[in-house]
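Worksheet for the structure shown next.
No value in this document is a laboratory result; all are computed from the given coordinates. The structure displayed is predicted, hence computed values, not measured ones. Glycine also receives a Cβ, built like all others from the backbone with ideal geometry; neighbour counts cover every protein chain displayed.
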Amino acid sequence: MLKKILSVCFLIMLVCCGCGKKDEEPLVNDLNIITNRGELVVGVKTDTYPFGFYDEKGHFAGYDAALARLIARGILGSDKKVKFVPVTAADRMMKLYSGDVDMIIATMSITPKRQEILDFSNSYYTAGQAVLVKKDSPVKTLRDLNGKRAIIVFGSTSERSLRTAVPNVGIVGYKTYTEAFKALKDGKADAIVSDDTILLGLSLKDDSVKLLPKRYSKEPYAVAFRKGAESKDLIKAVNNVIEIETRNGNLKKIQESYGIK
Ligand code: GLU
């Protein structure tokens, strides 16, 4: 008898929770929230030219910001309906999960570890890890950093890969790429290890540094979302925009305008 009562209770619970339905609507749907709000809130970097930075008028600019505007146009019909929130590599996930932003477009690579806690769009760009040194540096490869000091930015993929690839390197961490670059110039370490695109952006107007030619990883950049059913429709919509803007050549044009094609 008790068994019967328990099974009925369990069935009622399933129905109430909607767990019995296959194509269940999530309680929260981020795409609906954004369309009702009429504004897309995106976390972008401000320290990683040419992906996320402030232009001379103080506006958010770069490839990531441009992609955010295209997504706003695709979802809300206007590239003006986007609000940018500055993020860093270290605080971007926190800002996503605290609800400060709807998504992150911030030179963020898809990695298996991150996929455990985040959902990603399809990739919209591929970078590779590289090493930036002072022009007169004897360092020629990543391995040469053994016994030396290297700079990383907290929360970036190089923080992890550097420890694995060069076990005897002294790691010096900074919160932003602006601080990291200043530290290299001030001689606080022998190199910065990060994505080639970011390092190229840092070194563009400075001939006291050089980017070493070898690449040590593939960094597929993608838009990042909170993991779960709430993001499903939003990811579909974003992938749709990425596909359309790839096919019509807009993404390529933006990349070319920033010299990253
Ligand atoms: N793409 C790398 C990452 O996702 C490095 C860029 C960054 O620091 O954001 O960690």
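Using 0.36 nm per residue of separation minus the Cα-Cα distance, give me the extension gain between Asn250 and Lys134 in nm, one decimal.
Extending this stretch completely gives an extra 38.2 nm.
Which whole-Hz couplings ³J(HN,Hα) result when phi for each residue of region 56-65 is put into the Karplus expression 6.51 cos²θ - 1.76 cosθ + 1.60, θ = phi - 60°, listed in order with x for Gly and Pro?
Working through the residues one at a time gives 5, 8, x, 8, 5, 9, x, 4, 5, 5 Hz.
Among Val133, Val209, which comes first, then next, by fewest other beta-carbon atoms within 10 Å?
With the fewest neighbours first, Val133, Val209 line up as Val209, Val133.
Bins of 10 Å, beginning at zero and ending with the bin holding the largest distance: percent of Cα pairs per bin for region 33-132, please.
Bins of 10 Å from zero give 15, 47, 33, 5, 0 percent of pairs.
Top mean-square fluctuation among Lys57, Lys135, Lys236, Gaussian network model of the chain, C-alpha springs under 10 Å?
Lys57
Ordered by residue, what ³J(HN,Hα) values in Hz, to whole numbers, does region 219-232 give under the Karplus form 6.51 cos²θ - 1.76 cosθ + 1.60, where θ = phi - 60° and Gly and Pro are x?
10, x, 6, 8, 6, 10, 10, 4, 7, x, 4, 4, 8, 3
Once amide H atoms are built 1.01 Å from N in the peptide plane, which residues 5 or more positions from Tyr125, or in another chain, come under 5 Å H to H?
Distant-sequence amide H within range of Tyr125: Tyr221.
Given the DSSP H assignment, sum -39500 (n - 2.57) over each helix run of at least 4 residues in the chain and divide by its residue total; what's the result at 222 nm in deg cm²/dmol, nearest 500?
That calculation yields -11000 deg cm²/dmol at 222 nm.
Residues with amide H under 5 Å of Lys83's amide H, sequence separation 5 or more or different chain, H placed in the peptide plane at 1.01 Å from N; which?
Amide H neighbours of Lys83, under 5 Å, 5+ apart: Leu40, Val41, Val42.
Do any of Lys113/Lys175; Lys148/Lys253; Lys45/Lys205; Lys95/Lys218; Lys57/Lys95 go past 31 Å between their Cα atoms, and which?
Lys148/Lys253
Straight distance only, please: which aspartates and glutamates reach the Cα of Lys182 with their own Cα at less than 16 Å, same-chain residues fewer than 8 apart left out?
Filter leaves Asp47, Asp190, Asp206, Asp207.
Evaluate Rg over Rh across the chain, taking Cα atoms for both radii and Kirkwood's formula for Rh.
Over the Cα atoms of the chain, Rg/Rh equals 1.08.
Mind giving me the nanometre distance, one decimal, between the label points for Asp207 and Lys83, set 7 Å out from Cα along Cα→Cβ?
If labels sit at Asp207 and Lys83, their model points lie 4.5 nm apart.
Neighbouring Cβ atoms within 10 Å as the yardstick, rank Val42, Val166 fewest first.
Details: Val42 25, Val166 20.
With the fewest neighbours first, Val42, Val166 line up as Val166, Val42.
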